[in-house]
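Below you'll find the structure, written out as structure tokens, and then a few comments.
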Amino acid sequence: MLFTDNQEQIAKRALEKSVFLTGFAGSGKTTIGKIFLKYLLEQDIPGNKILVLVPQKSLGITYSEFLESIENYNGNLPVIQTISGISQKIIRLFWPIIAPQFNFINPNHYPTFLNIESAQYFMAKVCEPFFEKNFFSSIKSEKPRILSQILDNLNKSALVGFPHEEIAERLKSAWSKESTHILAYDEAQECANAFRDYCLEFNLIDFSLQYEIFTQVIHKSFLIQQYLFNSYEYLIYDNCEEDTPAAHDLILKWLSGFKSALVIQDENAGFRSFLGADPTSAARLSKSCQEIIEVNDSFTSDPPIQEIISIYAKALSHQPIGGISEPGFKRFSFHHHKFFPDMIDQVVQQIDDFIKQGINPGKIAILAPFVSNALRFQIQQRMNQKNIKLVTHRPSRSLREESITHGLISWTKLAYPEWGLSPSIYQFRTAITQAIGNMDPVRADLLSRIVLSKNTTFALRPMDEVRPEMLERITIQAVFQYQKIYSWLMNYQNNKSEVDVFLASFFGEILSQPGFGFHENYDGAEITGRLIESMQNFRKNTFSHFQKTGGNWALDYITMLENGLISALYLQTWDLPPQDAVYLAPAHTFLMQNRPVEMQIWLDIGNMGWWQRLMQPLTQPYVLSRNWIDGMKWTDIHEYENNQKNLEKLISGLLRRCSGNLILHTTGYNENGDEQTGPLLKATQRILRTYHRQIGHQNV
């Protein structure tokens with residue numbers, strides 16, 4: 001990796017003091033962080049005395065990869081952590097001191113830390129009596145979304161730093177519309193209080209309680225504070241603007257204790273505001289650093305792209321655009337289509353042309369406000385026809401939405417007939433289509449109707465009971481593969497294990513082998529890995545609960561999954577995609593991966609999703625914030641201004657990660673058949689009209 005002289009000089013200055021480094025995306029700030037880390041290691045500083053702090057685990061991957069590239073380094077590895085990871089370590093270590101301070105019913109027993117999936121499970125159990133009382137009838141939202149919003153409110157209270165008992169009052173004081181909605185806030189508060197009491201009773205620590213405990217003990221306990229502050233001597237705090245006020249409070253207190261520190265901030269960022277990110281709070285860190293350095297280099301976007309950023313800012317705010325240079329306009333192309341499939345056809349054709357021109361597929365990103373199943377399927381089918389690889393990344397997508405998950409769950413139900421949950425013919429048809437290589441739906445349906453029985457002992461029949469003429473219709477190869485699956489499952493009945501172990505064995509010994517559907521199916525392997533990890537985490541987090549109740553964790557897990565589980569973050573899904581594959585992702589997900597590309601293709605720019613935040617009836621990230629004034633009403637004006645500001649930040653963030661061309665696509669009707677007239681489309685049309693008038697076209 002090559003570094004500039006300026007980058008090396010800034011890194012050397014940070015060796016002697018605390019430096020607050022700020023600049024736009026693509027200005028080389030993280031690279032300076034890596035140089036600083038390299039210098040520290042070259043000075044024989046033990047790696048375990050160096051803390052690389054990031055707001056989200058995925059943002060630390062670039063540092064992990066950099067450490068792997070350093071040759072001849074045999075010392076301790078630097079610690080790459082989040083505040084959440086640090087807090088969990090502290091609570092585990094000092095539990096005997098901490099527990100008595102927080103009203104845990106069993107302070108002598110160590111706690112169970114919940115991830116978002118197991119937290120939803122326990123929240124559902126706590127809220128079930130409330131749903132039976134017809135809670136939340138005043139709003140329209142699915143039960144999993146209600147549960148996730150209650151958890152989100154609890155998280156916000158801990159991250160911002162106010163008592164969780166005040167959530168409803170804060171939301172109600174800002175509500176300015178129909179009064180019936182206020183009842184839902186009170187109901188959500190009652191559920192949140194009940195969940196917190198349940199956690200204290202059974203020694204469960206969800207993310208909000210973990211953060212709340214940590215922030216209290218770290219500021220009150222001299223012993224714990226000194227242990228933490230003496231653990232590390234050097235700090236790299238990257239993307240601090242994506243972290244929370246509670247995290248910033250800790251770093252403000254901790255900063256003077258480091259021998260040297262490099263705090264890195266992205267300007268005009270804070271894309272995780274819906275998760276508590278607060279750039280205004282992060283700016284406080286600059287006042288506690290000994291030097292502030294602003295970098296203005298651009299290693300990704302060049303002047304024409306930066307001109308497009310400036311033009312969009314003016315177009316969105318309805319300011320005079322002025323002149324548009326020809327180099328800037330040439331980097332920007334716009335395509336209108338009447339119908340959604342037409343757009344997909346042209347996008348795939350453009351990508352095929354780019355690749356034939358020598359552009360690496362890994363340098364092409366397709367971005368949309370949301371990536372639905374239909375959109376992904378249509379692009380994937382057309383890409384396959386042209387032998388172009390495509391990878392998608394949708395971290396918030398639940399496991400229930402993956403058809404592969406349903407197939408694996410069907411095999412699980414068949415492996416455990418004692419549950420009485422035999423899959424339907426349609427579910428088994430999906431499973432067999434995925435499991436057997438080159439199996440088409442028609443033969444899969446025929447096979448399903450032949451072998452699936454209502455036998456309560458074991459729901460599958462062997463193929464030797466099938467008439468020969470039926471075997472020929474299915475094909476000998478498919479029959480042979482099915483018989484392998486049948487024999488494996490029959491043998492498994494004599495030596496059963498936990499469900500996650502079953503899935504790992506079944507995938508490794510059968511599904512991933514040559515001739516079966518998951519052989520060289522890397523997307524399928526990734527989803528299977530996520531499902532197994534999710535099961536393992538759930539089993540671990542609920543072990544003590546099921547020991548007491550005597551229930552079946554696997555049955556409860558499958559029920560929860562089929563009811564709509566919100567997925568946890570799986571770090572392996574954030575690894576950089578292969579360089580020979582086009583990348584498809586929601587726009588905000590692309591930003592949090594922090595990777596530059598040469599070509600960006602924005603789909604469906606008339607969609608309101610580019611501008612409008614996701615409506616959540618039980619929570620409000622801007623009201624549950626330190627920047628909100630108590631008693632002020634949230635109005636449509638606030639909503640409009642925030643949407644405008646966020647779209648401007650989104651455009652800037654995307655284009656500062658683009659080194660080549662921007663290709664925009666819109667449709668007269670979206671995939672639901674609705675007309676598209678969103679603010680991003682209107683701003684684009686203003687830019688086009690201005691340029692064409694500038695070059696003498698009057699009828700625009």
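Computed from the coordinates by the stated procedures, all read-outs in this text should not be read as laboratory data. For clarity, every value in this text was computed on a predicted model and none was experimentally measured. With ideal geometry, Cβ positions are generated from the backbone for all residues, glycine too; neighbour counts draw on all protein chains shown.
Which of the lysines could a cross-linker bridge to Lys220, judged by Cα under 22 Å and excluding same-chain residues fewer than eight apart?
The reachable lysines, counting only those whose Cα sits under 22 Å from Lys220, are Lys89, Lys156, Lys253.
So for segment 399-565, if I pair up every lysine 8 or more residues apart or on another chain, how many of those pairs have alpha-carbons under 26 Å apart?
11
Let me check I have the definition right: for the chain, take the eigenvalues of the Cα gyration tensor, multiply each by 5, take square roots. What are those semi-axes in whole Å, largest first?
Working: eigenvalues 342, 256, 153 Å².
Semi-axes, largest first: 41, 36, 28 Å.
Relative contact order, percent, of segment 399-565 when contacts are C-alpha pairs under 8 Å separated by at least 6 residues?
26
With a 10 Å Cβ neighbour count serving as the proxy for reagent exposure, in which order, fewest first, do Leu93, Leu591, Leu2 appear?
In order of increasing Cβ crowding within 10 Å: Leu2, Leu93, Leu591.
Explain nothing, just the number: relative contact order of segment 105-207, from Cα pairs under 8 Å at least 6 residues apart, as a whole percent.
53
Among Leu681, Leu603, Leu421, Leu154, what is the fewest-to-most ranking by other Cβ atoms within 10 Å?
Ordered from fewest to most neighbouring Cβ atoms within 10 Å, Leu681, Leu603, Leu421, Leu154 come out as Leu421, Leu681, Leu603, Leu154.
Determine the alpha carbon to alpha carbon distance for each of Lys330/Lys356; Lys29/Lys259; Lys49/Lys649 and list only those over 30 Å.
Lys49/Lys649
By a straight-distance test (C-alpha under 12 Å), which aspartates and glutamates pair with Lys338 as possible cross-link partners, with residues fewer than eight away in the same chain excluded?
Partners found: Asp604, Glu671, Asp674, Glu675.
According to the square roots a ≥ b ≥ c of the eigenvalues of the Cα gyration tensor, what is the shape class of segment 105-207, taking rounded for a/c under 1.5, prolate for a/b larger than b/c otherwise, and oblate for the remainder?
The shape class here is prolate.
Would segment 203-276 count as rounded, prolate or oblate if I go by the C-alpha gyration tensor, calling it rounded below 1.5 in a/c and otherwise prolate when a/b exceeds b/c, oblate otherwise?
Because a/c hits 1.5 or more and a/b fails to exceed b/c, segment 203-276 counts as oblate.
Which percent, nearest 5, of DSSP beta bridges in the chain are antiparallel?
Values: 3 of 49 bridges.
Close to 5 percent.
So which GluC sites (Glu not before Pro) in segment 1-81 pass both tests, a DSSP loop state and at most 13 other Cβ atoms within 10 Å of the Cβ?
Here the sparse-neighbourhood loop sites are Glu16, Glu71.
Taking only C-alpha pairs under 8 Å that are 6+ residues apart, what is the relative contact order of the chain in percent?
Rounded, it is 22 percent for the chain.
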